[in-house]
Amino acid sequence: MDIFGNADGNSRIDKEDVRIIQDYLDGKIELSDMLVTTDANGKSYYVADANRDGKITSEDVDFVNSLIDRTADKVHFLDGYGIMSSCRLNIDNVISEYTSECEMLSLLGVQDKIVSVGNAPYQMKNYFLMNMNDSSSVYNLNNMHSPDYEALAVLEPDVWIAHLNMNMDVKKEKSQADVFSPNLTNIDLINPYNSGCVKGALLLGYIFNNTAAAERYVNWIVDNWNLMTDNTKTISEADKPSVLYFWYGGYLHDTANKVLTINGTSSIGYQALNLVGGHAVIDDIAPSLIDSGKIGIESLVEVRADYLLVHTVKYQGDGKELAYIPAQGYLVDNNSELVAFQEGLANNVLFDYMEDTNKYITCNELWHGGSGGILLAAQIGHILYPDLYSEGYLNGLLQEYVDIMGYDYDSSKHGVFWYFYE
């Protein structure tokens, strides 16, 4: 975690960090041995410069000790976007923009500090905010990128945990809160330790004084990533099924629209697919597309993929609810809408060549939730390799995740996330 003062770069700020800084001051180690981090602009900093005055001195020893006993006024760090940030440690009121941030606050046992959330967690607060004593007074940001700042000022927020790096300066100015984004959706399934969910969990774990819970969560991510990586090593390239993976909309919603949005190589969907041993068709038709982007259907006429995956988002970041997206998630118990929607993919003539039972949708709770792409990968794994990823494994993994995040919820009785054909 990129907290200044975390001189050894591990998941905790402790006396070992003090020792490293003192050893440097005593001439036992060289400056070149000190850990360096780099911000979004490529500027480098010594992590041992705990008080951020540009030097490593005895004052940094004192500052780290104040971080250890939590008497420091603020902690300095690079947020999930590599932006220099600071956050107070005495926190009463928190704005938490999206579902993944709310999940992290549940993990850390501090949901009662929440005073406002974005529209998605607000609409699903009976799950995402269930660990608040009373969520009835929580204010709905609606459009989390451009909320009613006057209404927020009345709430006197101390900290604003943003979902994305959008309008951050305005949010700081208007709210007077410490604003930063842990970038929880910046998923790296090649090296999970680089994932925003891992770094962000450890950062928030320190800020809210529950590093142990953050470490349990990180271990869950890494252990399951290791399992999936080992499974994929047993699959030859020739045996990997080819998969088209789109966001719902465009031609899939209206055949008069001749454009589709496909998952690029940095997307969570692409990475989850690769983690469990699928072959993404994007590598064949548009390998330079890093972010998700639009492609014309003419580029797909000759494509013959084995599977079609379509990602769906019910509640948008700008506050909109898409009525044509099926009911899904933790608070839905009837899967009829999802089943009908998924079976309706068979009506799209562009993919007539494909077996109808090879067409599936994925749900946003498994994408933008705090599971770091692991639950999404497990779902895709079950679709492609049911012998490696049984439905029992998938359901058990979901319950493990719910338990780790601190929710009193039985996923065997509640929730709609997927539908598998017999």
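Could you check how many residues of region 55-81 are part of a loop (DSSP other than H, G, I, E, B) and touching a strand residue (DSSP E or B) at 6+ places or on another chain (Cβ under 7 Å)?
Counting residues in region 55-81 that are part of a loop (DSSP other than H, G, I, E, B) and touching a strand residue (DSSP E or B) at 6+ places or on another chain (Cβ under 7 Å) gives 3.
Name the pairs: first residue in region 270-297 and in the same structural domain as T362 (by TED's automatic domain parsing) and in contact (Cβ under 8 Å) with a residue 40 or more places away in the chain, second residue surrounded by fewer than 20 Cβ atoms within 10 Å (Cβ to Cβ) and assigned to a strand (DSSP E or B), Cβ to Cβ under 6 Å, at least 6 apart or on different chains?
Partner pairs satisfying both residue conditions: H279/S242; S292/T261; K294/V259; K294/T261.
List every residue pair whose Cβ atoms lie under 7 Å apart, where the two residues are 6 or more positions apart in sequence or sit on different chains, the first residue falls within region 224-245 and is closer than 12 Å to A272 by Cβ, and the second residue, located anywhere, is surrounded by fewer than 17 Cβ atoms within 10 Å (Cβ to Cβ).
Final answer for the pair search is V243/D306.
Check off (1) surrounded by fewer than 16 Cβ atoms within 10 Å (Cβ to Cβ); (2) touching an Asp or Glu at 6+ places or on another chain (Cβ under 6 Å) for E422 and give me the number that stays unchecked.
Of (1) surrounded by fewer than 16 Cβ atoms within 10 Å (Cβ to Cβ); (2) touching an Asp or Glu at 6+ places or on another chain (Cβ under 6 Å), only one is false for E422: (2).
For region 314-362, which positions are of a type outside the set (F, W, Y), modelled with pLDDT under 95, surrounded by 13 or more Cβ atoms within 10 Å (Cβ to Cβ) and assigned to a strand (DSSP E or B)?
G329
Do any residues in region 30-45 that are closer than 13 Å to I20 by Cα have Cβ atoms under 8 Å from those of residues that are of a type in the set (V, I, T), where the two are at least six apart or on different chains, and which pairs are they?
From region 30-45, the pairs are L31/I56; M34/I20; M34/V47; M34/I56; L35/V47.
Just the residues that are in contact with a strand residue (DSSP E or B) (Cβ under 9 Å, 6 or more places away or on another chain) and on the phi < 0 side of the Ramachandran plot, please, taken from region 370-421.
L376, Q379, I380, I383, L384, V416, F417, W418, Y419, F420, Y421
Check S96, S136, S146, S100 and return the single one that is more than 19 Å from the chain's Cα centre (by Cα), of a type outside the set (D, E, K, R) and closer than 20 Å to V313 by Cβ.
Within the list S96, S136, S146, S100, the selection yields S146.
Mind checking which residues of region 45-54 are surrounded by 19 or more Cβ atoms within 10 Å (Cβ to Cβ), touching a strand residue (DSSP E or B) at 6+ places or on another chain (Cβ under 8 Å) and not in a strand (DSSP E or B)?
V47, A50, N51
Considering each residue of region 261-298, count those that are out of contact with any strand residue (DSSP E or B) (no Cβ under 9 Å at 6 or more places or on another chain) and surrounded by fewer than 15 Cβ atoms within 10 Å (Cβ to Cβ), and give that number.
Total meeting the criteria: 7.
Is it true that some residue in region 168-180 is under 15 Å from the mean Cα position of the chain (by Cα), in a loop (DSSP other than H, G, I, E, B), modelled with pLDDT of 95 or more and surrounded by 14 or more Cβ atoms within 10 Å (Cβ to Cβ)?
Checking region 168-180: not a single residue is under 15 Å from the mean Cα position of the chain (by Cα), in a loop (DSSP other than H, G, I, E, B), modelled with pLDDT of 95 or more and surrounded by 14 or more Cβ atoms within 10 Å (Cβ to Cβ).
Give the residues of region 290-305 that are under 24 Å from the mean Cα position of the chain (by Cα) and under 30 Å from L388 (Cα atoms), sorted by residue number.
Matches in region 290-305: I290, D291, S292.
Just wondering, is there one or more residues in region 97-107 that are touching a residue at least 12 places away in the same chain (Cβ under 8 Å), assigned by TED's automatic domain parsing to the domain that holds S195, surrounded by fewer than 18 Cβ atoms within 10 Å (Cβ to Cβ) and in contact with a Phe, Trp or Tyr (Cβ under 9 Å, 6 or more places away or on another chain)?
no
The values are calculated or read from the model by the stated rules, or taken from the named source; none is laboratory data. It should be emphasised that the depicted structure is a prediction, and the values quoted were computed from it without experimental measurement. Here the Cβ is made from the backbone with ideal geometry for all residues, glycine too, and neighbour counts use every protein chain on show.
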